[in-house]
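Worksheet for the structure shown next.
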Amino acid sequence: LLLIGPATLAQIGAVDRKLVAPAITAPEVVRARELEAPNLLHAGNVDLLSQRLGILDRLIVQAQTKRAERNWMIWPRGGSYQRLILGNQPLESHAGAGMIQPTFTCPVDLTKTSSAKYIFDGGKWVCGLSFLARKHPRCVVYSIGSNFAFDGFEIPLQNWVRTVRGGSKWNASAGCELEVFDPTVRQRVGNEKFERVVRRFKNATGARYHEVGLTGDPAARTVILGRLGAVPVMTLSQMMRQNGHTCVDVLKIDVDGSELAVLKSTNWGNLCAGNLLLEVHANLFTRQRNGTAYSIREAIRDIGLLEDAGFYHFHTETVCSACPGQFELAFVNVTWLREVIRWQTFS
C-alpha cells in the first residue's frame, strides 16, 4: 500500500504537521510513517469536528471553482475559437490528460492499494481507506471487471482492512464484503484454470465471484461481447439489490469500454457509494463509434454527471505507456466523506 496521510490539513494551514516521506517496509507494502505531531484526528472535540468540516467545505468550493474554470476553457461561449478547438480535440490527444486533472483534494488518508513500483497497472487510489477498515458493522467493496488481476486491488485492499482490524490476513470474516463481477474470464482461460484461480482467490479474500457483467440498461439481460458471444449483465442497482446492499463503500469499474454507456445512463444521485474508481478507455470509445473521436468536451461533460451527483474528482493517472486515452479516474462522494470525518474525529 502507498499511503499518504491527511496532508491537506497542513496544506491549507488548519493544523501544523510535519509529514514524513513514505518508507518501504516490505516488497508488497509501501506506507507513510506515523506523523510526528500528536494525532488530532481522534480527539473527541466538537470544535475540531467543526474545523475539519469547514476545511471540507472550503475544498468543495475550491473544486467547484476549478470545475467552472475548466468548463470555460472548452465550451465555445461567445464564439471563442480557442475554446472550440480545445474542446473538440480527442481525449487521446496531448491536451486530453491536462484537461481531466483532479479538481478536489482528499482531506483524509489517501491510499494506493498497490504501488506502481511493483505492479504498474492495477493499483487504485482510495480516499478514506482507514475508515473502511474500522467501519461498523461492515464495509462493502464492488470490483466490476477483474480479468483475474487480483494482486493490484482486491487482495491488497482486503489485506489492509484485515491488518487494521487486527485480524489475520487469512481470516475472511475480518475483511470487507468483497463482490467481484466478470463474465468474460471462464471462456478465455477454460473451466479448469477458472475454477482453480477463483477457489484460491475466494480462500484468500473471502470474496464472492459473480459471472455477470455491467450494463446501464435495466431491461437488458445479456449483451454480445464479440467472440465471447452473449454474457449476462445487470445494472449497478440490480447488483446491489441481488446482494442485499444499500450502499457500496468502494466501487471499482474497469469494463474495457462499456463504462461510457453505464456512466451516461446511471442515476448517480440516487446511488449510495463512497469511492468510485473508474477506468476510462477513450480509444475504445472511438473504435465503438466507427472512428469518431471521444472529445475532451464529451469527457468533461460526462465527468460532470458524477460531479453534479456529489462525486468529486481527486485523482487521475495514466493506465500504461501504450494506452492512449486510457485513464484511471478516482472520485469520492462528499456526503460519505463527511461521515469519514465525523468518525475520525470522535473515534
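The values are calculated or read from the model by the stated rules, or taken from the named source; none is laboratory data. Just so it is clear, the structure is predicted and the values come from calculations on it, not from any experiment. Here the Cβ is made from the backbone with ideal geometry for all residues, glycine too, and neighbour counts use every protein chain on show. Note: areas computed on protein heavy atoms with side chains; ligands, DNA, RNA excluded. Shrake-Rupley method; radii C 1.70, N 1.55, O 1.52, S 1.80 Å.
Looking at residue 241, is it exposed (fewer than 15 other Cβ atoms within 10 Å of the Cβ) and either among the hydrophobic types (A, V, I, L, M, F, W, C) or modelled with pLDDT of 95 or more (or both)? Yes, satisfied. Of all residues in the range 196-208, those satisfying the criterion of being within 13 Å of residue 151 (Cβ to Cβ) and either open to solvent by less than 80 Å² (accessible area, probe 1.4 Å) or not in a helix (DSSP H, G or I) (or both) are 197, 201, 204, 205. State yes or no: is residue 92 modelled with pLDDT of 80 or more, among the acidic types (Asp, Glu) and outside any helix (DSSP H, G or I)? Considered against the rule, which asks whether it is modelled with pLDDT of 80 or more, among the acidic types (Asp, Glu) and outside any helix (DSSP H, G or I), residue 92 comes out as yes.
So is residue 305 farther than 19 Å from residue 94 by Cα, hydrophobic (A, V, I, L, M, F, W, C), free of Cβ contacts under 8 Å to residues at least 40 places away in the same chain and open to solvent by 10 Å² or more (accessible area, probe 1.4 Å) or not? Judged against the criteria, residue 305 is not a match. Here residue 57 clears all of (1) closer than 26 Å to residue 310 by Cα; (2) in a loop (DSSP other than H, G, I, E, B); (3) of a type in the set (D, E, K, R) except the condition numbered (2).
Being touching a residue at least 12 places away in the same chain (Cβ under 8 Å), more than 14 Å from residue 107 (Cβ to Cβ) and not aliphatic (A, V, I, L, M) is the requirement here; does residue 321 meet it? No.
Among the residues making up the range 277-302, a single one is part of a loop (DSSP other than H, G, I, E, B), touching a residue at least 12 places away in the same chain (Cβ under 8 Å) and surrounded by fewer than 22 Cβ atoms within 10 Å (Cβ to Cβ): 293. Is one or more of the residues making up the range 248-263 at pLDDT below 95 and open to solvent by 50 Å² or more (accessible area, probe 1.4 Å)? Looking for residues that are at pLDDT below 95 and open to solvent by 50 Å² or more (accessible area, probe 1.4 Å), one finds at least one in the range 248-263, hence yes. From the list 332, 319, 340, the one residue that fits, being under 14 Å from the mean Cα position of the chain (by Cα) and surrounded by 23 or more Cβ atoms within 10 Å (Cβ to Cβ), is 332.
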